[in-house]
1. Pick from 3, 9, 44: which is at pLDDT below 95 and closer than 17 Å to residue 345 by Cα?
2. Sort out for me the strands (runs of 3 or more DSSP E) sitting completely within segment 52-116 that have 2 or more residues that are in contact with a helix residue (DSSP H, G or I) (Cβ under 7 Å, 6 or more places away or on another chain) and farther than 24 Å from residue 363 by Cα.
3. Does residue 394 qualify as being out of contact with any helix residue (DSSP H, G or I) (no Cβ under 7 Å at 6 or more places or on another chain) and either at pLDDT 95 or above or exposed (fewer than 14 other Cβ atoms within 10 Å of the Cβ) (or both)?
4. Are there any strands (runs of 3 or more DSSP E) wholly within segment 460-560 with 2 or more residues that are surrounded by fewer than 20 Cβ atoms within 10 Å (Cβ to Cβ), and if so which?
5. Which of the helices (runs of 4 or more DSSP H) found entirely inside segment 194-305 contain at least 3 residues meeting this: farther than 23 Å from residue 335 by Cα and touching a residue at least 24 places away in the same chain (Cβ under 8 Å)?
6. Need pairs with beta-carbon distance below 8 Å; first residue outside the structural domain of residue 285 (by TED's automatic domain parsing) and within segment 333-356, second outside any loop (DSSP other than H, G, I, E, B) and at pLDDT below 95; sequence gap 6+ or separate chains.
7. Quick one: which of 457, 442 is surrounded by fewer than 24 Cβ atoms within 10 Å (Cβ to Cβ), closer than 21 Å to residue 557 by Cα, in contact (Cβ under 8 Å) with a residue 24 or more places away in the chain and not assigned by TED's automatic domain parsing to the domain that holds residue 80?
8. Since residue 350 meets every condition but one in (1) in a strand (DSSP E or B); (2) over 25 Å from the mean Cα position of the chain (by Cα); (3) crowded, with 21+ Cβ neighbours inside 10 Å, which condition does it not meet?
């Protein structure tokens, strides 16, 4: 800020100069005291400069609506929306989200530093303020193959970029526990810049919390119970209350929030599919749900705004107050959180659920990011799982709306010594194929809980290494789905009787589309219709659930390209018992 701008702001704050914009007749949400204030709100050069009695060059009549700070999503993987940051902005701004703390580790696992830079480039100059946390674990563990490997020296130059806030979720707990040099080097590099570090404590005990906090790690978004949340808060962590598409933890965690500890909680979505963003919302949905669970609307708004801003040292965000950035929303009713208008830096950006800001132009991703599916030709025999005479096997048990799974031991059907999927027992075949370096690695397993009656599904969205993952009722459709994914160069496919029922092309890293978010929303509807045709009737998102069955840092049993993985033992195990 130069001297003239500062002097003009001070003059506007004191009423000696007219403000650029004044909001009148609004009920101001005070997130500091959790009160409702009255008065004019003055804005100069995109910043709030005063609350009181003001005149401005432009006046907005709030018409007795509530004036709230813009919401902050404290942890999100934009890639999980399946659109670029440019299109993601158009989708979330109408829901009152004006800032996101994004971790681009999905594209980084596919394309390394070039993937991170694409996310930075495509999110530059957007009305949505996209802050970046640098991926800490690429790959997530040494028990799988991803498209890249990032060490501290690969991240160093990114810290010179203004929108880079710190180090993203440290999920490789064994490496942290052992103080291995690669993760310690990243932590020390971040500490040199005095920036925050996010954690990932899925299923871990209090000793692990001690280790994470000792390493200077500030947050966790993997709590699934109120008691887990309390243990983290007791040891000085911020707890992110997550409500995404696969992991839905809000109802379980809200009981942990009370008047004494509320400032240690944030809202996040982590991973949310575009159809749910459009139809449900993002952080606005978190607020609505929290209110239904008994949280006061003003406290829920504080969690969605000021708490996140202070956690990430965003000193000019999260409040309607002088010296803060003029990101705000007009809300008709706090309980229903119906948002009528969204403003960024004092400029109207969304109205009645539609983006109305300046036209946005996406960046070209380049071939490095658009040609990422490399697998050899495979046959049905390559998908066979050998089961010994006992006919017992380790089975991945799906928990609906959770990324945690159960390790089941069940009897399975066999023929000539090989596993045969059973519709009666809901035991399907699942496979993970390494797709970055053409290694030919194929991991095979058994999964229970999808409820498909026929066909197969496949996708290149497979956290976090994003190999091809497919699940199905028979080898013919499994193989056909994999081959279709290869032709698409990444995406999602629903297959039945060797025919494609629906397909979504995601050419950018096998994760994102270059199409508009509205076009992708329509294509996702076709995917959902096709899922019904193969017998899916569950109350969870099967593609997002499938995509997390490959993440070997989330309990209990997962599948990588190297085989079935026991997260508790942190080692691969055999399918047959």
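1. From the options 3, 9, 44, the qualifying one is 9.
2. Values: elements: 56-61, 66-69, 71-76, 97-102.
In segment 52-116, the matching strands (runs of 3 or more DSSP E) lie at 66-69, 71-76.
3. Yes.
4. Here the list reads 499-505.
5. Qualifying helices (runs of 4 or more DSSP H): 206-214, 226-234.
6. none
7. Details: 457 fails: surrounded by fewer than 24 Cβ atoms within 10 Å (Cβ to Cβ).
After applying the criteria, what remains is 442.
8. Against the list (1) in a strand (DSSP E or B); (2) over 25 Å from the mean Cα position of the chain (by Cα); (3) crowded, with 21+ Cβ neighbours inside 10 Å, residue 350 comes up short only on (2).
The values are calculated or read from the model by the stated rules, or taken from the named source; none is laboratory data. Small disclaimer: the values here were computed from a predicted structure and weren't measured. Here Cβ is always computed from backbone atoms with ideal geometry, including for glycine, and neighbour counts include all displayed protein chains.
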